[in-house]
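Working notes, structure below.
The values are calculated or read from the model by the stated rules, or taken from the named source; none is laboratory data. Keep in mind that what you see is a predicted model, and the values were worked out from it rather than measured. We place every Cβ from the backbone using ideal geometry, glycine too, and count neighbours over all the protein chains shown.
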Amino acid sequence: MEYFSDREGGARPATNLEIGSAAWGGCVALVGKYISNGGFGIDFRDDCPDGRGPIGTDSHEFGLAVRGEIPELDWPLQPRTPPRTPVILDFLELCWQHVAEPIEGSYTASSVTPISASSANKDSTNSWRA
């Protein structure tokens, strides 16, 4: 995204080859957002207790998968302590492989955490658009 300072002063030169704590903190925040809204639920599904479909992302399963794939990465993520840049890039690639847009379905009496979405799809279960 181009910000005001980029338009007025020009783009900042890309001289830093390391991902610092500010950028890492942003990555942690975005991944947390997609865990909360069900964005990783296509592969790490959290099912409704009534058995009538998915309601989001199972953050525990997602964390286990992250640790299994990238052992150098602490889970839960530590936003103030960035890992080495190659580890961060591995993590972002893993996230990219598993993220999808959650599509809101119908609600049942025990659905206390509905998936947020931008779709008008109102079938009987929640689903994801890859």
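Starting from residues that are small (Gly, Ala, Ser) and part of a loop (DSSP other than H, G, I, E, B), keep the ones in the stretch 1-11 and report whichever is modelled with the lowest pLDDT.
11
Tally time: how many residues in the stretch 48-61 are buried (at least 17 other Cβ atoms within 10 Å of the Cβ), in contact (Cβ under 8 Å) with a residue 24 or more places away in the chain and in a loop (DSSP other than H, G, I, E, B)?
Looking only at that region, the number is 3.
Filter the stretch 12-47 down to the residues that are in contact with a helix residue (DSSP H, G or I) (Cβ under 6 Å, 6 or more places away or on another chain) and surrounded by fewer than 17 Cβ atoms within 10 Å (Cβ to Cβ), then identify the one that is modelled with the highest pLDDT.
For the stretch 12-47, the residue satisfying everything is 43.
Being within 28 Å of residue 101 (Cβ to Cβ), modelled with pLDDT of 95 or more, part of a loop (DSSP other than H, G, I, E, B) and touching a Gly at 6+ places or on another chain (Cβ under 8 Å), is that true of even one residue in the stretch 78-86?
Checking the stretch 78-86: at least one residue is within 28 Å of residue 101 (Cβ to Cβ), modelled with pLDDT of 95 or more, part of a loop (DSSP other than H, G, I, E, B) and touching a Gly at 6+ places or on another chain (Cβ under 8 Å).
If you check 39, 32, 26, 68, which single one turns out to be within 11 Å of the chain's Cα centre (by Cα) and in a helix (DSSP H, G or I)?
Residue meeting the stated conditions: 32.
A quick yes/no check of all residues on (1) without any contact (Cβ under 8 Å) to a residue 24 or more places away in the chain; (2) hydroxyl-bearing (Ser, Thr, Tyr):
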| site | (1), (2) |
| --- | --- |
| 4 | yes, no |
| 9 | yes, no |
| 12 | yes, no |
| 16 | yes, no |
| 36 | yes, yes |
| 63 | yes, no |
| 71 | yes, no |
| 93 | yes, no |
| 99 | no, no |
